[in-house]
């Protein structure tokens, strides 16, 4: 959530940013109108309280003088009733304002391109891409069972067997080891969370329809970012505790409204695995940590010997809570295109305000900054490993860094 002070002081900036991000800028006008009414009521109540205090003193003086202050008591009671009515109206207005504020996206950094996905800016490429080649299902479809996954759960689900199941498990352990060696604390969080937790990271109320919800009003997490970022909600940390760096492996659950009939393989799934990185840090360090976090994700791709590109997302393509996002996309020879396998974002104080996560520093109590990034997402990473590892004899070469984790160097043959 953005600071309402920014709307009061620079509404044009907020409206422009909201429009550039593809959201309704008229919400800002509604917030300004409601906030003006709220401030009027608050000022009126301050004056009424002052008047009531003055009358209370007059009542006390009248009693000391043996007079009956009936009219003053009646007046004081009327003022108190008016204050109660106003306070209720203030609370109602505040709720309406907060509801609208929760629908305003984070302010994007100045260097973020304005526009939709077509305006995304390629920053760099790494590795040599292979043109053409078989797709992952064609190569080892017997070990990726989409048919039985659909039979058990429905379209958009799958199961892995044998060497491919072991390869994915090896990948998970490799990535967790990589992150813990770089100072991250591993977390194994709940994968069902309450609405307050979803609200804290910006998933609610805006994206209710994209989430799976239980009959107990709990939500299946779309990413480990949700529970891990909320670890310190409603807390005031000490400045010397920052930064906090966490990593977590979880299942992820998404309705994937963009999934199309006929899409096969490990692409646009309702349930998938991911290793996530989360930073909670001092505001002055968040931009530095965005580069560091993205660098860690890149290093994993390099060690896996996969060609990829780094892309700066445009305003309409970045996530709701993000101030700036880099995507890392691996090359798929079978699909002949790049596939996103990591998204690294600096959310500045946007999520911290929603979670009420702060720290005590030399300048008083301030909101922390939060960052999150995939380190990495498994399905498309698996696609890239299988397709880029295909050999002329039909076998799949396994990157050397995974040999000790999976126990084999090739799949097939």
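Okay, here's what the table says:
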quantity	calculated
Any hit, region 91-99, residues being within 25 Å of the chain's Cα centre (by Cα) and assigned to a loop (DSSP other than H, G, I, E, B)	no
Helices (runs of 4 or more DSSP H) within region 335-413 that include 2 or more residues crowded, with 24+ Cβ neighbours inside 10 Å and assigned by TED's automatic domain parsing to the domain that holds residue 245	350-355, 378-388
Filter result (within 11 Å of residue 300 (Cα to Cα) and touching a helix residue (DSSP H, G or I) at 6+ places or on another chain (Cβ under 6 Å)) within region 179-191	none
Flag for residue 278 being in contact with a helix residue (DSSP H, G or I) (Cβ under 9 Å, 6 or more places away or on another chain) and modelled with pLDDT of 95 or more	yes
Selection status of residue 116, closer than 30 Å to residue 331 by Cβ and touching a residue at least 60 places away in the same chain (Cβ under 8 Å)	yes
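The values are calculated or read from the model by the stated rules, or taken from the named source; none is laboratory data. Here the structure is a predicted model, which means the values were calculated and not measured. Note: ideal-geometry Cβ built from the backbone for every residue, glycine included; neighbour counts use all protein chains shown.
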